[in-house]
Amino acid sequence: DSDSDSDSSSSSESDSDIGVYVKKNKTRNKKKKKKKSKKQQEAAAKEAFQNPVDPDSAMTQIQESLGSQFEEKKGATHKFWDNQPVLKLEDVVGADENTFLRPDDKIEDLKQDPYSLGDNFVWEDVDIDDDDKILEVYNLLKENYVEDDDNMFRFDYSVEFLQWALKPPGFRRDWHLGIRKAGNKELVGFITAIPATVRIYEKKMRMVEINFLCVHKRIRKKAMAPHLIREITRRVNMTGIFQAVYTAGIVLPKPVASCRYYHRSLNPLKLIDIRFSPRPKSNVTSSMIQKKYRLPNEPQTPGVRPMKKKDVGKACALLQNYLKQFHISAHFDEQEFAYWFLPRAGVIDTYVVEDPETKQITDMLSFYTLPSTIIGHQKYHTLKAAYSFYNVHTKTDIVDLMRDGLILARKSDFDVFNALDIFHNEHFLEPLKFGKGDGHLQYYFYNWKCPPTKPTNMGLVLM
């Protein structure tokens, strides 16, 4: 971003336009065989990087997926994004391009002080370990964060979820950034960054994930979102990091992938009642609907159980090996893996499949808890949703593994199980009766250009 302080009224682009919202001889033979298969895996991975997805094909998929949304934004001016190191919607990226858009600055050349907010607003590093302050963040998000297009549902991130999402290994308190009113000290804006390692084709990059960009509805016309993005960028740059990844439900310059949400009913009658699911035809009875979505009472895969601390090493290696096949993927060391995947009540559930004979971890599945407030419904106030996180199948069929995920979620009283069409998810969506949602999720990089990719080559989940 430019070094000059920016006046809050300088951009007429609304905050909503900016995106507020993976015996001796016998032993020797076995070892040789293992070594060979590992070489084969590495060769296959290398080949995947040398022949990345055809950018034209991936771009066609993005345009078809987004339809008129993409065409309407193409060629339009974006007062904020046009001055940022991001690709324009009409930019074409070659299959071998995988590099920064703007070289890293020297730390001493960066703006050393926070951007000015004028006299009416002040910056704050929000201490999310302070009960009162995390409650303020919770309430700001609950009332002002992502809503569906029909204003019927709004994300309701719990305090426990927020503390999990924002304090991974290496987190920084000055990356939990708030804007307060100077007078009554009300929290009216928020944005966060957390450290992450992302592999983009053959390059492993240390960057940040940007999340929870939220501006109070009352001040949306004051263009606070650009201020939040500029200031979090400045703070991240001051630590020597110049790339970021983020997602948005809207079209910004320029998606590297466009993915689709799918939903699997676990409590179908409630979902119809709250109008999350469409009303059935008049000749379809309640018992017919319940029968359609009925699941076994217990998981069917032998050896499936909640993940424990002792599993971390094996499960982490299993996931990392699985993620190598995707063009863009997360990378976790064991400390990060333990943080993100060890089960936390009401936040994250992770299950592994332990082979009853060999005691090896052969598969894993995980989902996080993200309820939504149901706006204006007399009977129901909360939609309890499970979101598919990272799943690995090596021995168990993906359909069988994810059916167990649905059973486990239903046993924990979830109403719906949501999944994107990333990873190998397309293989289980139809057999397990997921319905196509109307929501898209676009992935974006800040200060990086690489070929776009299809959802099936995406191995990264942002919450």
query = Based on what the data block shows, is Asp105 surrounded by fewer than 16 Cβ atoms within 10 Å (Cβ to Cβ), in a loop (DSSP other than H, G, I, E, B), in the same structural domain as Ile179 (by TED's automatic domain parsing) and more than 26 Å from the chain's Cα centre (by Cα)?
reply = yes
message = Restricting to segment 168-189, count the residues that are in contact with a helix residue (DSSP H, G or I) (Cβ under 9 Å, 6 or more places away or on another chain), farther than 17 Å from Leu140 by Cβ and part of a loop (DSSP other than H, G, I, E, B).
response = 4
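Condition (residue is of a type in the set (Gly, Ala, Ser), surrounded by fewer than 22 Cβ atoms within 10 Å (Cβ to Cβ) and in the same structural domain as Ile328 (by TED's automatic domain parsing)) applied to segment 382-395: is it met by at least one residue?
Looking for residues that are of a type in the set (Gly, Ala, Ser), surrounded by fewer than 22 Cβ atoms within 10 Å (Cβ to Cβ) and in the same structural domain as Ile328 (by TED's automatic domain parsing), one finds none in segment 382-395, hence no.
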inquiry  = Residue under question is Val198, and the condition is that it be more than 18 Å from Val461 (Cβ to Cβ), surrounded by 20 or more Cβ atoms within 10 Å (Cβ to Cβ) and not aromatic (Phe, Trp, Tyr); does it hold?
reply    = no
remark   = Counted residues in segment 251-276 being surrounded by fewer than 20 Cβ atoms within 10 Å (Cβ to Cβ), farther than 30 Å from Ala76 by Cα and touching a helix residue (DSSP H, G or I) at 6+ places or on another chain (Cβ under 7 Å) come to 1
note = Within segment 196-210, the residues that are assigned to a strand (DSSP E or B) and either touching a helix residue (DSSP H, G or I) at 6+ places or on another chain (Cβ under 7 Å) or among the aliphatic types (A, V, I, L, M) (or both) are Ala196, Val198, Ile200, Met205, Met207, Val208, Ile210
task = Run down Ile328, Ile374, Ile348 and say which single residue is β-branched (Val, Ile, Thr), touching a His at 6+ places or on another chain (Cβ under 8 Å) and buried (at least 20 other Cβ atoms within 10 Å of the Cβ).
result = Ile374
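Might you check whether a residue that is in contact with a strand residue (DSSP E or B) (Cβ under 6 Å, 6 or more places away or on another chain), closer than 16 Å to Ala225 by Cα and either part of a loop (DSSP other than H, G, I, E, B) or in the same structural domain as Thr453 (by TED's automatic domain parsing) (or both) occurs anywhere in segment 116-136?
Taking segment 116-136 as the starting set, the residues that turn out to be in contact with a strand residue (DSSP E or B) (Cβ under 6 Å, 6 or more places away or on another chain) are 121-122, 124, 126, 128, 136.
Among the residues that remain, those that are also closer than 16 Å to Ala225 by Cα are: 121-122, 124.
From the residues that got through so far, the ones that are either part of a loop (DSSP other than H, G, I, E, B) or in the same structural domain as Thr453 (by TED's automatic domain parsing) (or both) too are none.
No, the conditions are met nowhere in segment 116-136.
Does segment 285-343 hold any residues that are among the aliphatic types (A, V, I, L, M) and part of a loop (DSSP other than H, G, I, E, B), and which are they? Spell out the reasoning first.
Of the residues in segment 285-343, the ones among the aliphatic types (A, V, I, L, M) are 288-289, 295, 304, 307, 312, 315, 317-319, 323, 328, 330, 338, 342.
Once the filter is applied, which keeps residues that are among the aliphatic types (A, V, I, L, M) and part of a loop (DSSP other than H, G, I, E, B), segment 285-343 yields Leu295, Met307, Leu342.
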query = Within the set of pairs 6 or more residues apart or between chains, which connect a residue that is surrounded by 15 or more Cβ atoms within 10 Å (Cβ to Cβ) inside segment 108-122 to a residue that is part of a strand (DSSP E or B) and not charged (D, E, K, R) with Cβ atoms less than 7 Å apart?
reply = Pro114/Trp123; Leu117/Trp123; Leu117/Ile179; Phe121/Ile179
Residue that is of a type in the set (Ser, Thr, Tyr) and assigned to a loop (DSSP other than H, G, I, E, B), where the choices are Thr247, Thr233, Thr239 = Thr239
task = From (1) hydrophobic (A, V, I, L, M, F, W, C); (2) part of a helix (DSSP H, G or I); (3) within 18 Å of Phe155 (Cβ to Cβ), pick out the condition that doesn't hold for Cys214.
result = (2)
task = Report, ordered by the first and then the second residue, all pairs with beta carbons closer than 6 Å, sequence separation of six or more or different chains, a first member in segment 128-146 that is more than 16 Å from Thr373 (Cβ to Cβ), and a second member that is of a type in the set (A, V, I, L, M, F, W, C) and not in a helix (DSSP H, G or I).
result = Lys133/Val126; Ile134/Ile128; Glu136/Leu187
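The values are calculated or read from the model by the stated rules, or taken from the named source; none is laboratory data. Treat the numbers as computed from the prediction; the structure is a model and nothing was measured. Virtual Cβ from ideal backbone geometry, glycine too; neighbours counted across all protein chains shown.
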